[in-house]
1. Measuring from centroid to centroid over Cα atoms, what is the spacing of segment B:67-127 and segment A:110-179 in Å?
2. Using just the C-alpha positions of segment B:83-179 as equal point scatterers, what log10 of I(q)/I(0) does the Debye formula give at each q in 0.12, 0.14, 0.20 1/Å?
3. Given H placed on each backbone N at 1.01 Å, which residues far from B:PHE144 in sequence or on other chains put an amide H within less than 5 Å of it?
4. Which ordering of A:CYS24, A:CYS14, A:CYS73, A:CYS45 is given by a fewest-first count of other beta-carbon atoms within 10 Å?
5. Return the calculated 222 nm mean residue ellipticity for chain A, to the nearest 500 deg cm²/dmol, obtained by summing -39500 (n - 2.57) across DSSP H runs with n ≥ 4 and dividing by the residue count.
6. Ranking A:LEU262, A:LEU300, B:LEU27 by Cβ neighbours within 10 Å, fewest first, what do you get?
7. Could you work out the longest stretch of chain A that avoids the trypsin sites (Lys or Arg not before Pro) located in DSSP loops with at most 16 other Cβ atoms within 10 Å?
8. I need the Debye-formula profile for segment A:281-324: one equal scatterer per C-alpha, no solvent, reported as log10 I(q)/I(0) at q = 0.17, 0.29 1/Å, two decimals.
Amino acid sequence: MTTDLLGLLLVNGCFLVAGAGVTCAAGWWRSPSGFVHSSGLSYLCGVTTYGVVAQLLYVLGVGLSQWGVIAVCAVPATGLVRARRSRGGLTFRRLSRIDLLALPVAAILALLAVDLWYQPLWAYDAWTFWTPKAHALYALGLDPGWFTSASLASPDYPILLPAVEAAGFHFTGYETGLLDLQSWLFFAGFVATIYELGARRGRPIVLWAVLTMLVLAPAVLDQLASAEADIPVAVFFAAAGLCSWSWLVEDRAAGLVLATVLGAGAAATKVEGTMFVIALFLALGIATARGSARRSLVALGAGAVALAVGALPWRIWVHGHHIANQASLGRVTGISFLVEHATRLPVVFGYVALKLVDPRAWLLLLPLAVVVGVESYRRGQRTQTSFAIAAVALGFLGVAFAYWSTPYSLHYQLATSARRVVTGLAFLVAGLTPLLARDTDASSRRVDVP
Amino acid sequence: MLGVPASPGAVGWLLIAFGVVAIGVALARARRALYRTDLSSAAAVISLIVAIGSAPYIVWRIAEDLRYTTKLGAYDATFAGPVQAYLPGYLLDGASRLIPASSTYATVVSSKVPWAPARTGFGPLAMDILFPRRAVAEPRTADFIVTWGIAPNRVTSTRRTWVLRKASGTVPAIYVARVDH
């Protein structure tokens, strides 16, 4: 398994290089120092770029070998030609005593990695369909016969995660023991992304409080050990939210480009990813509408592109192969069903809200976010606060709607999935909190490309 | 997490109690500084203190998990998922020798199988063991059927039947049969 670990690191190195090309081409960074300060975000962009392209290739009937994985990563990596040579060495901000909190955060992350190294594949959804799909993509490609098998649960779920896991299998062989570590890499990339964006903008005490809570949150540990799609979809969605913030507040065009890339990744990972992407770009459209109708339309257009690239090809394939679609539009238009089940709403709102604020799962992430959000609003940073509130609220409504319209037993659904589904919202809240705690007036701040 | 006890137990409660006391002491000591600082920073400090106070219990949970998972043998690790659903991984040993790789199969589980997770997990276990064979929904259209707790000829017309595992205790027998088209 140790040799396989090197294979896993190698494939993730390919994702990092691909993502560096994407972030550089988008104009997020130009110098080597800029890359170092964007490596977490670059990694996440690399994973989503690979996953979305791989999903598209599979849908088109193209199989991927080890060299195919390298080739798919090599194409976006060509964006690195836009990087410029550094005039000076690497630059880092001055560290303060509070930055010593990086040590316990890193120690907990390392402990988690050790735990996940020994973690077998045990979660029901992981061994019944996520990993079997990855196995099938690795061994057969997107074989319609196998993917429409009667025993395959949730055949309509998108295939970004299986495609990424299958890419790993091309480097490690069919080794399921490393899938939890793959989840850990997603999470570590997200923690790094929050640090990269928050370190130069937010108050260090808020940043480190958020990062410490995030790595210690029992809900995160439990889900990392499950190797399911909830962590990746949450990571991609929340990272897209942070990039959207950068476009909204700092007017960085690259922020919107990367939000689109990450949003496409979220939509290609899980059905609720689509719902989260709609909520995020709708919130961005609302937040910009008052200032500029054109900017609002650009935001909505970016969301449409993310959905078209991330979700549409797979939906067409699913429809073309007559696979029952759990996220059918019928649920949206089934007004009589919704009216009939209106009594579900208080239960759904209460249950999902409790899961989001539960300190046994998330410590004090949400209360801290509320306090920071209120203070940000009172300081006059209304645009960014409205965006954060709208994105979380719309995402929450989307989750609530999914439960309201479920044709299955509501209580069973809530009991088995609500604690996982709120992860995307919790991660978005965690990522935005340090940014909302900025001291400067947001609208007057423009950030140079590092 | 696989190895975390369902309830904290004596050590867990001790660590929780220690954490609560430590949080109380830290908050009391930080009280004056908290009054002097702005609301966001004060909330961040309180959150940080609560997180650090919770850390001993959370780290203990990880240690308990590690204590369990590091002792798992290769078999237990490979079939940890099915075992969680009351499905021993060896249930379908030998089935892939009977069903050619290009054939289709259908699974049928009797309600006599006493565990609901096992009944729903049987199909996915067969899918894993019989990979890359394709499962079909309708037994009479399959080349083979794999049944648990029910004789294949009660499901559809069959040509030849093998007993894959005899009934044992509360676990009913498992059969593989070639379907007569």
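Please treat every number below as a calculation from the coordinates, not as lab data. This one's a predicted model, so the numbers in the text were calculated from it and none came from an experiment. Counting neighbours? That spans all protein chains shown, and the Cβs are built from the backbone with ideal geometry, glycine included.
1. Segment B:67-127 and segment A:110-179 have Cα centres spaced 16 Å from each other.
2. Each listed q maps to, in turn, -0.31, -0.43, -0.93.
3. Residues meeting the criterion, in which the H sits 1.01 Å from N, are B:THR104, B:TYR105, B:ALA106, B:VAL179.
4. Working: A:CYS24 27, A:CYS14 21, A:CYS73 24, A:CYS45 33.
Ranked by crowding around the Cβ, least crowded first: A:CYS14, A:CYS73, A:CYS24, A:CYS45.
5. On the way: 24 runs with 318 residues, N = 450.
Mean residue ellipticity, 222 nm, calculated: -22500 deg cm²/dmol.
6. Numbers: A:LEU262 33, A:LEU300 18, B:LEU27 15.
Listing A:LEU262, A:LEU300, B:LEU27 from fewest to most nearby Cβ atoms yields B:LEU27, A:LEU300, A:LEU262.
7. Numbers: sites that count: A:ARG84, A:ARG85, A:ARG87, A:ARG93, A:ARG94, A:ARG200, A:ARG290, A:ARG445, A:ARG446.
Free of exposed loop sites, the longest segment is A:291-444.
8. Values returned for q = 0.17, 0.29 Å⁻¹ are -0.54, -0.87.
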